[in-house]
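Since the structure comes first, as C-alpha coordinates, the remarks are kept for the end.
The values are calculated or read from the model by the stated rules, or taken from the named source; none is laboratory data. Note that the structure is predicted; figures quoted are calculated from it, not measured. In this analysis, Cβ positions are derived from the backbone assuming ideal geometry, glycine residues included, and neighbour counts consider all displayed protein chains. The area values use the complete protein model at the heavy-atom level, side chains included, leaving out ligands, DNA and RNA. Shrake-Rupley method; radii C 1.70, N 1.55, O 1.52, S 1.80 Å.
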There are 2 protein chains.
Amino acid sequence: MLTLKQDHSELVVLSVLALGPSYGYAISKDIAARSDGHFKLSPSGMYPLLTKLEKNGLVTTSWEEVKAAGADPDSTGRRRKWYTLSPKGHKQLARRIELHRQTQSILDSFVAQSPVRA
Amino acid sequence: MLTLKQDHSELVVLSVLALGPSYGYAISKDIAARSDGHFKLSPSGMYPLLTKLEKNGLVTTSWEEVKAAGADPDSTGRRRKWYTLSPKGHKQLARRIELHRQTQSILDSFVAQSPVRA
DNA sequence: ATCAGATATATCGAACCTTGATATATCCGG
DNA sequence: CCGGATATATCAAGGTTCGATATATCTGAT
(Lines give C-alpha, C1' and ligand atoms only; values in the text may rest on other atoms or scores of the structure.)
Protein backbone atom coordinates (compact mmCIF):
# COMPACT_ATOMS: atom_id res chain seq x y z
CA MET A 1 0.00 0.00 0.00
CA LEU A 2 1.63 3.20 -1.25
CA THR A 3 1.08 6.52 0.40
CA LEU A 4 1.12 9.14 -2.33
CA LYS A 5 3.61 11.98 -2.18
CA GLN A 6 2.52 15.48 -3.06
CA ASP A 7 3.40 15.43 -6.76
CA HIS A 8 1.63 12.14 -7.35
CA SER A 9 -1.24 13.16 -5.09
CA GLU A 10 -1.85 16.26 -7.15
CA LEU A 11 -1.73 14.34 -10.42
CA VAL A 12 -4.12 11.70 -9.13
CA VAL A 13 -6.55 14.11 -7.48
CA LEU A 14 -6.67 16.31 -10.59
CA SER A 15 -7.24 13.24 -12.75
CA VAL A 16 -10.08 12.10 -10.49
CA LEU A 17 -11.67 15.55 -10.62
CA ALA A 18 -11.31 15.58 -14.41
CA LEU A 19 -14.05 12.94 -14.47
CA GLY A 20 -16.42 15.19 -12.54
CA PRO A 21 -16.84 17.15 -9.29
CA SER A 22 -16.24 15.30 -6.04
CA TYR A 23 -15.38 15.88 -2.38
CA GLY A 24 -12.49 14.92 -0.10
CA TYR A 25 -13.79 11.74 1.41
CA ALA A 26 -15.15 10.44 -1.90
CA ILE A 27 -11.90 11.26 -3.69
CA SER A 28 -9.90 9.32 -1.13
CA LYS A 29 -12.24 6.30 -1.48
CA ASP A 30 -12.07 6.65 -5.24
CA ILE A 31 -8.29 6.60 -5.25
CA ALA A 32 -8.22 3.50 -3.06
CA ALA A 33 -10.84 1.75 -5.22
CA ARG A 34 -9.41 2.67 -8.62
CA SER A 35 -5.91 1.62 -7.51
CA ASP A 36 -7.16 -1.70 -6.16
CA GLY A 37 -6.21 -0.58 -2.66
CA HIS A 38 -2.63 0.23 -3.63
CA PHE A 39 -2.76 4.01 -3.39
CA LYS A 40 -3.71 5.83 -0.24
CA LEU A 41 -4.25 9.51 0.39
CA SER A 42 -4.96 10.15 4.06
CA PRO A 43 -7.06 13.03 5.40
CA SER A 44 -3.94 14.88 6.55
CA GLY A 45 -2.60 14.67 3.00
CA MET A 46 -5.91 15.27 1.27
CA TYR A 47 -7.30 18.40 2.91
CA PRO A 48 -4.18 20.58 2.80
CA LEU A 49 -3.78 19.56 -0.85
CA LEU A 50 -7.37 20.45 -1.74
CA THR A 51 -6.97 23.78 0.06
CA LYS A 52 -3.84 24.45 -1.98
CA LEU A 53 -5.60 23.57 -5.24
CA GLU A 54 -8.40 25.97 -4.30
CA LYS A 55 -5.99 28.74 -3.36
CA ASN A 56 -4.22 28.31 -6.71
CA GLY A 57 -7.49 28.51 -8.62
CA LEU A 58 -7.29 24.96 -9.99
CA VAL A 59 -10.63 24.05 -8.43
CA THR A 60 -13.77 25.88 -7.38
CA THR A 61 -15.69 24.80 -4.31
CA SER A 62 -19.18 24.77 -2.86
CA TRP A 63 -20.72 23.42 0.32
CA GLU A 64 -23.57 20.96 0.38
CA GLU A 65 -25.69 20.29 3.43
CA VAL A 66 -26.33 16.56 3.46
CA LYS A 67 -29.56 16.11 5.43
CA ALA A 68 -30.70 12.73 6.63
CA ALA A 69 -34.10 11.47 5.47
CA GLY A 70 -35.89 11.97 8.77
CA ALA A 71 -33.59 14.60 10.18
CA ASP A 72 -34.52 17.65 12.19
CA PRO A 73 -35.00 20.39 9.57
CA ASP A 74 -33.26 22.84 11.93
CA SER A 75 -30.11 20.71 12.35
CA THR A 76 -27.04 21.70 10.38
CA GLY A 77 -26.66 18.21 8.94
CA ARG A 78 -23.41 16.86 7.60
CA ARG A 79 -21.35 19.27 5.50
CA ARG A 80 -19.80 18.17 2.25
CA LYS A 81 -17.39 20.35 0.32
CA TRP A 82 -17.52 19.81 -3.42
CA TYR A 83 -14.52 20.45 -5.64
CA THR A 84 -14.89 21.21 -9.35
CA LEU A 85 -11.91 21.35 -11.72
CA SER A 86 -11.59 24.86 -13.18
CA PRO A 87 -10.34 25.58 -16.73
CA LYS A 88 -7.02 26.45 -15.12
CA GLY A 89 -7.14 23.08 -13.34
CA HIS A 90 -7.70 21.27 -16.64
CA LYS A 91 -4.70 23.01 -18.13
CA GLN A 92 -2.62 22.18 -15.07
CA LEU A 93 -3.63 18.51 -15.34
CA ALA A 94 -2.58 18.43 -19.00
CA ARG A 95 0.77 19.98 -18.04
CA ARG A 96 1.24 17.51 -15.18
CA ILE A 97 0.45 14.55 -17.41
CA GLU A 98 2.94 15.72 -20.01
CA LEU A 99 5.60 16.21 -17.32
CA HIS A 100 4.78 12.84 -15.83
CA ARG A 101 5.24 11.10 -19.17
CA GLN A 102 8.53 12.85 -19.81
CA THR A 103 9.83 12.01 -16.35
CA GLN A 104 8.75 8.39 -16.68
CA SER A 105 10.43 7.96 -20.00
CA ILE A 106 13.78 9.24 -18.71
CA LEU A 107 13.45 7.34 -15.45
CA ASP A 108 12.73 4.18 -17.43
CA SER A 109 15.91 4.65 -19.43
CA PHE A 110 17.93 4.63 -16.19
CA VAL A 111 16.09 1.62 -14.85
CA ALA A 112 16.31 -0.27 -18.15
CA GLN A 113 20.10 -0.10 -18.07
CA SER A 114 20.35 -1.44 -14.53
CA PRO A 115 21.68 -4.99 -14.40
CA VAL A 116 19.27 -6.20 -11.76
CA ARG A 117 20.14 -9.20 -9.64
CA ALA A 118 17.86 -10.28 -6.83
CA MET B 1 14.98 20.73 -16.08
CA LEU B 2 13.67 18.55 -13.29
CA THR B 3 15.17 18.50 -9.84
CA LEU B 4 14.86 14.96 -8.53
CA LYS B 5 13.04 14.30 -5.28
CA GLN B 6 14.41 11.80 -2.80
CA ASP B 7 12.57 8.70 -4.05
CA HIS B 8 13.58 9.30 -7.64
CA SER B 9 17.06 10.40 -6.60
CA GLU B 10 17.61 7.15 -4.79
CA LEU B 11 16.35 5.07 -7.70
CA VAL B 12 18.52 6.94 -10.18
CA VAL B 13 21.66 6.98 -8.01
CA LEU B 14 21.35 3.26 -7.26
CA SER B 15 20.84 2.54 -10.95
CA VAL B 16 23.92 4.58 -11.83
CA LEU B 17 25.99 2.74 -9.22
CA ALA B 18 24.69 -0.59 -10.52
CA LEU B 19 26.83 0.04 -13.60
CA GLY B 20 29.94 0.41 -11.48
CA PRO B 21 31.49 2.42 -8.62
CA SER B 22 31.42 6.19 -8.88
CA TYR B 23 31.64 9.33 -6.75
CA GLY B 24 29.31 12.24 -6.01
CA TYR B 25 30.43 14.72 -8.61
CA ALA B 26 30.66 12.10 -11.37
CA ILE B 27 27.24 10.69 -10.48
CA SER B 28 25.67 14.12 -10.74
CA LYS B 29 27.32 14.72 -14.15
CA ASP B 30 26.26 11.23 -15.22
CA ILE B 31 22.65 11.88 -14.30
CA ALA B 32 22.63 15.14 -16.22
CA ALA B 33 24.28 13.54 -19.26
CA ARG B 34 22.21 10.36 -19.35
CA SER B 35 19.00 12.37 -18.98
CA ASP B 36 19.99 14.76 -21.75
CA GLY B 37 20.14 17.56 -19.18
CA HIS B 38 16.61 16.93 -17.94
CA PHE B 39 17.41 15.53 -14.49
CA LYS B 40 19.42 17.41 -11.93
CA LEU B 41 20.69 16.34 -8.54
CA SER B 42 22.40 19.21 -6.76
CA PRO B 43 25.24 18.82 -4.24
CA SER B 44 22.90 19.58 -1.35
CA GLY B 45 20.65 16.76 -2.53
CA MET B 46 23.44 14.39 -3.50
CA TYR B 47 25.72 14.30 -0.46
CA PRO B 48 23.09 13.79 2.24
CA LEU B 49 21.59 11.03 0.06
CA LEU B 50 24.95 9.27 -0.39
CA THR B 51 25.57 9.53 3.34
CA LYS B 52 22.19 7.93 3.96
CA LEU B 53 22.89 5.12 1.51
CA GLU B 54 26.19 4.49 3.28
CA LYS B 55 24.59 4.55 6.72
CA ASN B 56 21.99 2.04 5.52
CA GLY B 57 24.64 -0.27 4.14
CA LEU B 58 23.53 0.02 0.51
CA VAL B 59 26.95 1.27 -0.56
CA THR B 60 30.50 0.90 0.66
CA THR B 61 32.94 3.80 0.37
CA SER B 62 36.62 4.53 -0.01
CA TRP B 63 38.67 7.67 -0.42
CA GLU B 64 40.98 8.30 -3.30
CA GLU B 65 43.67 10.96 -3.30
CA VAL B 66 43.69 12.44 -6.77
CA LYS B 67 47.16 13.85 -7.25
CA ALA B 68 48.03 16.13 -10.12
CA ALA B 69 50.73 15.06 -12.55
CA GLY B 70 53.37 17.47 -11.38
CA ALA B 71 51.95 18.08 -7.93
CA ASP B 72 53.91 18.51 -4.74
CA PRO B 73 54.20 14.96 -3.34
CA ASP B 74 53.50 16.34 0.15
CA SER B 75 50.23 18.09 -0.80
CA THR B 76 47.01 16.40 0.20
CA GLY B 77 45.68 16.54 -3.35
CA ARG B 78 42.00 16.48 -4.20
CA ARG B 79 39.88 13.95 -2.31
CA ARG B 80 37.41 11.77 -4.13
CA LYS B 81 34.98 9.51 -2.28
CA TRP B 82 34.07 6.38 -4.21
CA TYR B 83 30.75 4.62 -3.71
CA THR B 84 30.30 0.95 -4.54
CA LEU B 85 26.91 -0.72 -4.54
CA SER B 86 26.79 -3.47 -1.89
CA PRO B 87 24.81 -6.72 -2.27
CA LYS B 88 22.19 -5.10 -0.02
CA GLY B 89 22.20 -2.12 -2.38
CA HIS B 90 21.61 -4.38 -5.39
CA LYS B 91 18.65 -5.96 -3.64
CA GLN B 92 17.30 -2.54 -2.70
CA LEU B 93 17.60 -1.40 -6.31
CA ALA B 94 15.68 -4.46 -7.50
CA ARG B 95 12.97 -3.70 -4.92
CA ARG B 96 12.86 -0.02 -5.93
CA ILE B 97 12.55 -0.89 -9.60
CA GLU B 98 9.70 -3.29 -8.93
CA LEU B 99 7.93 -0.67 -6.79
CA HIS B 100 8.54 1.95 -9.45
CA ARG B 101 6.96 -0.23 -12.15
CA GLN B 102 3.95 -1.01 -9.99
CA THR B 103 3.44 2.65 -9.13
CA GLN B 104 3.81 3.70 -12.76
CA SER B 105 1.30 1.19 -13.95
CA ILE B 106 -1.37 2.34 -11.51
CA LEU B 107 -0.55 6.01 -12.04
CA ASP B 108 -0.88 5.46 -15.78
CA SER B 109 -4.34 4.00 -15.32
CA PHE B 110 -5.46 7.22 -13.61
CA VAL B 111 -3.87 9.39 -16.25
CA ALA B 112 -5.21 7.29 -19.12
CA GLN B 113 -8.77 7.91 -17.99
CA SER B 114 -8.34 11.67 -17.78
CA PRO B 115 -10.15 13.50 -20.55
CA VAL B 116 -7.38 15.98 -21.26
CA ARG B 117 -8.20 19.27 -22.88
CA ALA B 118 -5.48 21.85 -23.37
C1' DA C 1 -32.84 3.22 22.15
C1' DT C 2 -28.05 2.58 21.92
C1' DC C 3 -23.78 1.89 20.09
C1' DA C 4 -20.11 0.77 16.84
C1' DG C 5 -18.43 1.93 12.61
C1' DA C 6 -18.73 4.67 8.56
C1' DT C 7 -19.09 9.35 6.67
C1' DA C 8 -17.04 13.96 6.53
C1' DT C 9 -13.85 17.79 7.34
C1' DA C 10 -9.94 19.60 9.50
C1' DT C 11 -5.64 20.73 12.37
C1' DC C 12 -1.36 19.76 15.08
C1' DG C 13 3.47 18.75 16.00
C1' DA C 14 7.60 16.15 15.31
C1' DA C 15 10.25 14.37 12.03
C1' DC C 16 11.93 14.63 7.65
C1' DC C 17 12.96 16.74 2.96
C1' DT C 18 14.27 20.48 -0.21
C1' DT C 19 17.02 24.25 -1.93
C1' DG C 20 19.80 28.11 -2.60
C1' DA C 21 23.67 29.98 -0.31
C1' DT C 22 27.89 29.45 1.65
C1' DA C 23 32.41 27.23 2.64
C1' DT C 24 36.76 25.01 1.57
C1' DA C 25 40.24 23.34 -1.38
C1' DT C 26 42.34 21.65 -5.64
C1' DC C 27 43.14 21.32 -10.67
C1' DC C 28 43.51 22.95 -15.51
C1' DG C 29 43.80 25.98 -19.54
C1' DG C 30 44.73 30.29 -21.36
C1' DC D 1 47.87 34.01 -12.29
C1' DC D 2 43.21 33.70 -12.60
C1' DG D 3 38.55 32.07 -13.80
C1' DG D 4 36.02 28.02 -14.26
C1' DA D 5 35.71 23.29 -13.43
C1' DT D 6 36.41 19.55 -10.09
C1' DA D 7 35.16 17.82 -5.51
C1' DT D 8 32.94 17.45 -1.00
C1' DA D 9 30.10 19.26 2.47
C1' DT D 10 26.97 22.02 5.70
C1' DC D 11 23.40 25.47 6.98
C1' DA D 12 18.96 27.68 7.68
C1' DA D 13 14.41 28.63 6.04
C1' DG D 14 10.72 26.84 4.28
C1' DG D 15 7.90 22.91 2.76
C1' DT D 16 6.21 18.06 3.25
C1' DT D 17 4.69 13.95 5.62
C1' DC D 18 1.98 11.28 8.81
C1' DG D 19 0.00 9.49 12.79
C1' DA D 20 -2.80 11.36 16.30
C1' DT D 21 -6.40 14.04 17.60
C1' DA D 22 -10.82 16.67 17.27
C1' DT D 23 -15.57 17.41 16.02
C1' DA D 24 -19.92 16.12 14.34
C1' DT D 25 -23.30 13.40 11.72
C1' DC D 26 -25.31 9.25 9.71
C1' DT D 27 -26.42 4.13 9.31
C1' DG D 28 -27.24 -0.46 10.53
C1' DA D 29 -27.42 -3.95 13.90
C1' DT D 30 -28.81 -5.59 18.25
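Observations, loosely collected:
- Take the accessible area of chain A alone and of chain B alone, subtract that of the pair, and you get about 3400 Å² summed over both chains, using a 1.4 Å probe.
- Under 5 Å, built H, 5+ apart or other chain: amide partners of B:Phe39: B:Leu2
- Within region A:10-109, the trypsin sites (Lys or Arg not before Pro) that combine a DSSP coil assignment with at most 15 other C-beta atoms in a 10 angstrom radius are A:Lys67.
- Multiplying the residue separation of A:Gln113 and A:Ala26 by 0.36 nm and subtracting their alpha-carbon distance yields 27.3 nm.
- Computed on chain A, the Cα convex hull volume stands at 131 Å³ per residue.
- Computed label-point distance, nm, for sites B:Lys52 and A:Leu19 using a 7 Å Cα→Cβ extension: 3.3 nm
- Helix axis angle, A:43-55 relative to chain A longest principal axis, alpha carbon, degrees: 80 degrees
- Across the identical copies, the label point of B:Ala33 (7 Å from Cα in the Cβ direction) is separated from its matches by 5.1 nm, in order from shortest.
- A point 7 Å from Cα along Cα→Cβ stands in for A:Ser44, and the other copies hold the same point at 2.6 nm, listed in rising order.
- Of all accessible heavy-atom area on chain A, the percent that carbon and sulfur account for (1.4 Å): 53 percent
- Comparing each chain alone with all protein chains together (probe 1.4 Å, DNA, RNA and ligands left out), the residues of region B:87-103 losing at least 10 Å² of accessible area are B:His90, B:Lys91, B:Leu93, B:Ala94, B:Ile97, B:Leu99, B:His100, B:Arg101, B:Gln102, B:Thr103.
- Take the Kirkwood radius over Cα pairs of the protein assembly as shown, plug it into Stokes-Einstein at 37 °C and 0.692 mPa s, and you get 159 µm²/s for translational diffusion.
- Taking the Cα centre of chain A as reference, the dipole from Cβ charges on Lys and Arg (+1) and Asp and Glu (-1) amounts to some 220 debye.
- Residue and distance for the chain A Cβ closest to the axis that moves A onto B, in whole Å, come to A:Gln104, 3.
- Other-copy label distances relative to B:Pro115, 7 angstrom Cα-Cβ extension, nm: 5.1
- Once the 1.4 Å probe is applied to the protein heavy atoms, region A:4-118 comes out at 55 Å² accessible per residue.
- Solvent-accessible surface (1.4 Å probe) assigned to A:Ile97 amounts to roughly 10 Å².
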